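Okay, so here's the structure we're looking at.
The values are calculated or read from the model by the stated rules, or taken from the named source; none is laboratory data. Because the structure is a prediction, the values reported are computed rather than measured. Virtual Cβ from ideal backbone geometry, glycine too; neighbours counted across all protein chains shown. In case anyone asks, the SASA skips ligands and DNA or RNA and just uses the protein heavy atoms, side chains included. Shrake-Rupley method; radii C 1.70, N 1.55, O 1.52, S 1.80 Å.
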Amino acid sequence: VQLVESGGGLVQAGGSLRLSCTASRNIFTIAVMGWYRQAPGKERELVARFTMGGTTLYTDSAKGRFTISRDNAKSEVYLQMNSLKPEDTGVYYCHADAGIEYWGQGTQVTVSS
């Protein structure tokens, strides 16, 4: 599975961005998909994902501000990010666990203060 992210960019604090992840094949059978972030000088960390049971899981910093969603018919996963903060800056990666883990190439999000 190839994953291609898009939608990153430069935004002022308080602004919004919507990230998209397009998969190269249908994702109906891939329950666990999500978004991770790697800030400069830090390890990659979970932002939000779908669980095996179909529910959503968010890191504390994303709760109430970010929303993960998916459109299986389009083979896409989204991350709507509102009320962005400078600490949200980083490279955002799409992830899929289909028994084998897949990662996209990442999209840069920069939030200016």
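Table for the structure above
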| read-out | value |
| --- | --- |
| Of all residues making up the range 31-49, the number that are farther than 15 Å from E101 by Cβ and open to solvent by 80 Å² or more (accessible area, probe 1.4 Å) | 5 |
| Total residues in the range 67-79, condition in a strand (DSSP E or B), surrounded by 15 or more Cβ atoms within 10 Å (Cβ to Cβ) and not β-branched (V, I, T) | 4 |
| Matching residues, the range 92-113, being buried (at least 18 other Cβ atoms within 10 Å of the Cβ) and within 14 Å of the chain's Cα centre (by Cα) | Y92, Y93, C94, H95, A96, G104, G106, T107, V109 |
| Residue pairs meeting the criteria (Cβ under 8 Å; at least 6 apart or on separate chains; first closer than 13 Å to Y92 by Cβ and in a loop (DSSP other than H, G, I, E, B), in the range 45-66; second charged (D, E, K, R) and open to solvent by 40 Å² or more (accessible area, probe 1.4 Å)) | T59/E45 |
| Selected residue (only one of E101, E76 is among the charged types (D, E, K, R), more than 21 Å from A13 (Cα to Cα) and in contact with a Lys or Arg (Cβ under 8 Å, 6 or more places away or on another chain)) | E76 |
| Residue in the range 16-27 that is among the hydrophobic types (A, V, I, L, M, F, W, C), modelled with pLDDT under 95 and farther than 27 Å from S113 by Cα present | yes |
| Hits in the range 69-91 - residues which are of a type outside the set (S, T, Y), more than 23 Å from P40 (Cα to Cα) and under 13 Å from the mean Cα position of the chain (by Cα) | R70, E76, V77 |
| Total residues in the range 9-30, condition assigned to a strand (DSSP E or B), free of Cβ contacts under 8 Å to residues at least 60 places away in the same chain and either open to solvent by 30 Å² or more (accessible area, probe 1.4 Å) or over 17 Å from L79 (Cα atoms) (or both) | 1 |
| Neighbours by Cβ (under 8 Å, 6+ apart or cross-chain): first from the range 95-109, without any contact (Cβ under 8 Å) to a residue 60 or more places away in the chain; second open to solvent by 60 Å² or more (accessible area, probe 1.4 Å) and not hydrophobic (A, V, I, L, M, F, W, C) | none |
| Hey, S83 touching a Leu at 6+ places or on another chain (Cβ under 8 Å) and in contact (Cβ under 8 Å) with a residue 40 or more places away in the chain or not | no |
